[in-house]
1. So, in the range 200-213, of the ones that are under 21 Å from Pro333 (Cα atoms) and among the small types (Gly, Ala, Ser), which residue ends up modelled with the lowest pLDDT?
2. Out of all the residues in the range 20-27, is one or more modelled with pLDDT under 95, under 23 Å from Gly343 (Cα atoms) and in a loop (DSSP other than H, G, I, E, B)?
3. Scanning for something of a type in the set (A, V, I, L, M), within 23 Å of Ile156 (Cβ to Cβ) and open to solvent by less than 20 Å² (accessible area, probe 1.4 Å), does the range 275-282 turn up at least one residue?
4. Answer yes if at least one residue in the range 34-41 is within 19 Å of Ala356 (Cα to Cα), at pLDDT 95 or above, outside any loop (DSSP other than H, G, I, E, B) and not hydrophobic (A, V, I, L, M, F, W, C), and no otherwise.
5. Taking the range 33-58, which residues are among the aliphatic types (A, V, I, L, M) and touching an Asp or Glu at 6+ places or on another chain (Cβ under 9 Å)?
6. For the range 258-267, enumerate the residues that are assigned to a strand (DSSP E or B) and over 16 Å from Leu150 (Cβ atoms).
7. Checking the condition touching a Gly at 6+ places or on another chain (Cβ under 7 Å), open to solvent by less than 10 Å² (accessible area, probe 1.4 Å) and among the β-branched types (Val, Ile, Thr), which residue from Ile85, Ile63 passes?
8. Report, by residue number, each residue of the range 42-55 that is among the aliphatic types (A, V, I, L, M) and either more than 15 Å from Ala356 (Cβ to Cβ) or surrounded by fewer than 24 Cβ atoms within 10 Å (Cβ to Cβ) (or both).
Amino acid sequence: MASFWEKESFLAPCDLIVVGAGIVGLSAALFYKRDHPDSRVIVLDKGAMPEGASTRNAGFACIGSISEHVADMQKESPENIGRRIVRRYRGLQLLRETLGDEAIGYEACGGCDFFTDREAFEHSLEHVEEFNAWLKELTGENQVYSEDTLNGYPVIRNRLEGALRPGRMMQHLVRRAAAEGIEIRWNSPVASVGEGEAVLEDGQCWSSSRVLVACNGFSRRLLPEVSVAPARGYVMVTDPQPDLPWRGIFHHDRGYVYFRSVDDRLLIGGARNIAMEEEETDRFGINKKIRSHLVSFVNEHLLPGQDWSVEYEWSGIMGFTPTKTPEIRQVRPGVHVAAGLSGMGIAIGMEIARQAAGELD
């Protein structure tokens with residue numbers, strides 16, 4: 001039971017409780033605090049650091065490959081895809097402007113859609129001029145996509161894309177939030193949320209006039225009625241490869257597989273489509289089938305004949321909606337949600353957070 005002193009200080013009512021200290025949660029807290037400088041804002045997170053996907057992704061600052069967009073057009077309207085591209089483009093601009101390129105380790109390296117199948121390449125290539133015209137109309141950017149070859153493979157380059165360091169990004173965001181008076185409570189797993197309160201697993205209750213659930217793939221644990229489904233993603237990083245032939249960021253197989261250089265190491269991840277149903281989980285873990293698929297891909301296409309090993313590997317938990325459109329709304333009286341970034345958290349997280357913060361008034 002809390003003491004009288006704790007009740008009147010640490011546990012005093014606040015103006016906003018945010019559940020989740022990832023990119024959306026901390027950014028939403030930051031934007032809300034800036035709009036309401038006299039407010040008390042508390043962020044509660046279940047771990048010792050942000051661990052869902054914000055620090056467990058591949059660090060791609062991307063607006064999407066042509067093969068991904070073409071695949072999405074089979075199930076979505078061009079209008080929805082166009083809005084998503086604009087959101088990613090503007091979201092990355094907001095991220096860089098808010099935190100600064102140096103703080104997030106941003107590299108304007110460009111990106112490539114990487115193909116091992118000539119027919120798939122030709123199919124995507126047919127859309128280059130169409131998408132260049134579309135990007136010009138949507139963003140004002142000229143000639144974003146272009147045909148090329150790299151290390152003997154056909155690629156479609158995207159000059160707008162870049163890479164960053166997710167750990168540095170989140171560390172800087174944590175520091176920025178704290179410096180602006182936002183209180184962050186680590187190791188504080190939330191068991192339930194309701195109108196005016198968030199209750200921790202140990203029974204401690206935090207009261208507030210509004211609660212924002214921003215824990216993406218974990219949202220259904222607190223709000224079963226939302227449309228956000230969890231999805232586990234796998235990433236591995238090799239030992240140093242002094243003659244690494246791949247520099248920049250790369251998408252493959254409609255964006256399901258992705259790889260990049262991290263200094264002199266190769267990072268590769270994804271392949272969730274190899275075991276889609278198995279990966280619809282919010283439990284961390286490594287799927288051996290996916291790991292084997294990616295190892296074979298590296299051996300066959302990226303580092304053939306080279307001596308390499310996996311030095312780091314991990315999983316992260318994303319949150320997907322049926323249409324890839326984030327869920328930003330009031331779910332219950334006094335309880336809001338901002339989740340379902342659908343694997344695009346780096347690009348759209350801060351933009352989603354700004355929108356969510358604006359809807360809390």
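The values are calculated or read from the model by the stated rules, or taken from the named source; none is laboratory data. Worth saying up front: this structure is predicted, and the values here are computed from it rather than measured. Reconstructed Cβ throughout: ideal geometry from the backbone, glycine too, with neighbour counts over all protein chains shown. All accessible areas refer to the heavy atoms of the entire protein, side chains included, with ligands and DNA or RNA removed. Shrake-Rupley method; radii C 1.70, N 1.55, O 1.52, S 1.80 Å.
1. Ser209
2. For the range 20-27, residues modelled with pLDDT under 95, under 23 Å from Gly343 (Cα atoms) and in a loop (DSSP other than H, G, I, E, B): absent.
3. no
4. Yes; the residues of the range 34-41 include at least one that is within 19 Å of Ala356 (Cα to Cα), at pLDDT 95 or above, outside any loop (DSSP other than H, G, I, E, B) and not hydrophobic (A, V, I, L, M, F, W, C).
5. Val41, Ile42, Val43
6. Listed by number, the residues that qualify are Val262, Arg265, Leu267.
7. One residue alone meets the criteria, Ile85.
8. Across the range 42-55, the qualifying residues are Ile42, Leu44, Ala48, Met49, Ala53.
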